[in-house]
Amino acid sequence: MAANAAGATDEPSDPARFVDLERYPIRDLAAPAAETLIARCRAELRATGACVLPGFLSEAALARMTEEGRAVAPSAHWNASGAGGTAYLEALDASFPEDHPRRRLQRSSVGAVAYDLIQADHALRQLYEWAGLMDFIERVVDRGPIYRYADPLGALNVAVMRQGDRLLWHYDQTDFVTSILLQGCKAGGAFEYVPMIRQPGNENYDRVRRLLDGDRSEVVQLDIRPGTFVFFEGRQSIHRVSPIEGETDRLIALLGFDTRPDTCSSDRLKMRRYGRLG
């Protein structure tokens, strides 16, 4: 099937049409161009804990996904934790000293549109459920077979952040995260992280403490614009989204994959993120 200048195919039901295939030739992963892309992505991810693919979506796909994202945004459940949360996304552990990172509470506020609220005919959901995208991700992360989340709420989300919202410094509870920015805010909303600060057997609590105290000497800021696909090693790299400024909401799609076929969020996380268990 021929591809047009934006990377779309002639087949209207093919989710590959949402990707700029000229820039990111992921339809045939055995082709030399795809192998070169995969090798580059793997190297970047391993070296920095992140891999950024600007312009991953075609222009038409980005426009459609943004429109559909705006349509579902009002159904987002807001987790505005005024009492705060820790960088480890766990209940506060009083066995640690008061100034320890595991007891440091931070403000966080973000809305989440659950998977079951994203319609089957929405472009984002079609792309997420496309086997070709999962095969590409599997090749890049290089951890053996991967699977879509089994969670009917958490498999695919649209995260919504409004003026004043922020996402606390934290580690993810899965090995890797994939995302697509659909709409940026007017100002703020920067994705910041400290690459691979957490190592097997070494939490580097002193470095985390300095970061939480305001030391930005190790902070890296990713240049993420609408239409960008991002791979991120969130379990090892502490990260945050800086406060949102202006009246334009920040919309980002979070695509859930894991190395286990039965991954689901805990009931505690579901209640915090979606306000319900199902």
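Read-outs: derived from the displayed coordinates by stated rules, not from any lab. Not measured: the values here are computed from a predicted model. When we count neighbours, we look across all protein chains shown, and the Cβ atoms used for this are built from the backbone with ideal geometry, even at glycine.
Assorted remarks:
- Along the stretch 215-229 the Karplus relation, 6.51 cos²θ - 1.76 cosθ + 1.60 evaluated at θ = phi - 60°, assigns HN-Hα couplings of 6, 9, 5, 10, 6, 10, 10, 7, 8, 10, 10, x, x, 7, 9 Hz to successive residues, with x for each Gly and Pro.
- Filtered GluC sites (Glu not before Pro), the stretch 124-229: DSSP coil and at most 13 other beta carbons within 10 Å: GLU218
- Summed residue charge, Cβ within 10 Å of HIS239's Cβ, Lys/Arg positive, Asp/Glu negative: -2
- Derived scalar couplings between HN and Hα for the stretch 59-70 equal 4, 5, 5, 4, 4, 5, 5, 5, 4, 5, x, 5 Hz in order, rounded to whole Hz, by the Karplus curve 6.51 cos²θ - 1.76 cosθ + 1.60 (θ = phi - 60°), x for Gly and Pro.
- The alpha-carbon positions of the chain define a convex hull whose volume is 131 Å³ per residue.
- From least to most packed, judged by other beta carbons within 10 angstrom and beginning with the fewest, HIS170, HIS122 follow the order HIS170, HIS122.
- Net charge contributed by nearby residues that have their C-beta within less than 12 Å of ASP215 (K/R +1, D/E -1): +1
- Formal net charge of residues neighbouring GLY69 (Cβ-Cβ distance under 13 Å; K, R +1; D, E -1): +1
- Dipole moment magnitude, nearest 20 debye, the chain about Cα centre, only Lys, Arg, Asp, Glu C-beta charged: 720
- Put a dot 7 Å past the Cα of ARG216, heading toward its Cβ, do the same for ALA47, and the two dots end up 2.5 nm apart.
- Residue order, fewest to most beta carbons within 10 Å, for LEU57, LEU89: LEU89, LEU57
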